[in-house]
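The values are calculated or read from the model by the stated rules, or taken from the named source; none is laboratory data. For clarity, every value in this text was computed on a predicted model and none was experimentally measured. Neighbour counts are summed over all protein chains in view; Cβ atoms, including those assigned to glycine, are modelled from backbone coordinates with ideal geometry.
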Amino acid sequence: MINLSGIEPFASGYNRHCYRHPDDPALCLKVLRPENIEARFQRQAWPKKMLGRARIDDNRQELRAHQQQAIRALIKDGHNELVWAHLPQFHGAVGTSLGLANMSELLFDDHGVPGETLEHYLKHRGFDQPIRDAADRFCNWLLETGILTRNLLPHNLVIIDRGGQPELFLVDGLGAPAIPDKLATLPAWRQRYIGRRIRRFYLRLDWETGDQSTSWEASQKL
Ligand SMILES: Nc1ncnc2c1ncn2[C@@H]1O[C@H](COP(=O)(O)OP(=O)(O)OP(=O)(O)O)[C@@H](O)[C@H]1O
Ligand SMILES: [Mg+2]
């Protein structure tokens, strides 16, 4: 078991804390924040509560998301590099003193510092041409691989320099948990689904770099 006591997370989202592996700085360990999972659970209407807490366990969903058909098929055919071109390499679940953690590649820059999120970049530098090109490459990769994701949010994408140019990596939000497996295997349906996620992503980028006078939720209804 990996002991995380006395270690501060290098970053945290709403649902998980992210730690650097104490024995390997190139690995990221994500553990659930039980208080937030519980709060999310309590906010659900009773029919959903009947389905239990496992349904909203982000680590469990992420494990399942890596088993999706597109990723399984690419790895089976030896296209590992293509899979990990925009995803941190994933190493599954491991035991820690803070419960089960999902272990993945930690994306860091030339100075060993964890990469900047797209959200942070947009706030400080705007949606400039190098990042527009990186976003286009990321979206083309989604269409090419057929990998399914949830809504693409700038705080879930990390920017890392690869081969002299910035590339986007999806660190959270892989998979399409609400979609039946059968449907997800149909290529035409998959392309339509991904196309919708991409259109929404660009809307989000416009909103994120605009004056944000309307909330994201409200801007969807305009
Ligand atoms: N593999 C990684 N390499 C570098 N930084 C990472 C990595 N994974 C996560 N991070 C950083 O940690 C933050 C939180 O991680 P993550 O999004 O997985 O947490 P979460 O709680 O599931 O998020 P949310 O609030 O979106 O549910 C990210 O926004 C990013 O800044
Ligand atoms: Mg996140």
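The residues on offer are Leu152, Leu87, Leu142, and the sole one that is touching a strand residue (DSSP E or B) at 6+ places or on another chain (Cβ under 9 Å), in the same structural domain as Phe201 (by TED's automatic domain parsing), part of a loop (DSSP other than H, G, I, E, B) and under 16 Å from Phe201 (Cβ atoms) is Leu152.
In summary, Met103 fulfils each of the numbered conditions (1) out of contact with any His (no Cβ under 8 Å at 6 or more places or on another chain); (2) not in a helix (DSSP H, G or I) with the single exception of condition (1).
Scanning segment 177-204 for residues that are of a type outside the set (D, E, K, R), more than 16 Å from ligand 1 (Cβ to nearest atom) and either assigned by TED's automatic domain parsing to the domain that holds Arg55 or modelled with pLDDT of 90 or more (or both) yields a count of 11.
The numbered conditions (1) of a type in the set (Lys, Arg); (2) touching a residue at least 12 places away in the same chain (Cβ under 8 Å); (3) out of contact with any helix residue (DSSP H, G or I) (no Cβ under 8 Å at 6 or more places or on another chain) are all true for Arg132 except (2).
Just so you know, in segment 1-58 the residues that are acidic (Asp, Glu) and touching a Leu at 6+ places or on another chain (Cβ under 8 Å) include one that is farthest from ligand 1 (Cβ to nearest atom), and it is Asp57. Pull out all pairs, ordered by first then second residue, where Cβ-Cβ is under 8 Å, the residues are six or more apart or on different chains, the first lies in segment 181-199 and is within 15 Å of Ile71 (Cα to Cα) and in contact (Cβ under 8 Å) with a residue 12 or more places away in the chain, and the second is polar (S, T, N, Q) and assigned to a helix (DSSP H, G or I). Hits for this filter: Asp181/Gln69; Ala184/Gln69; Thr185/Gln69.
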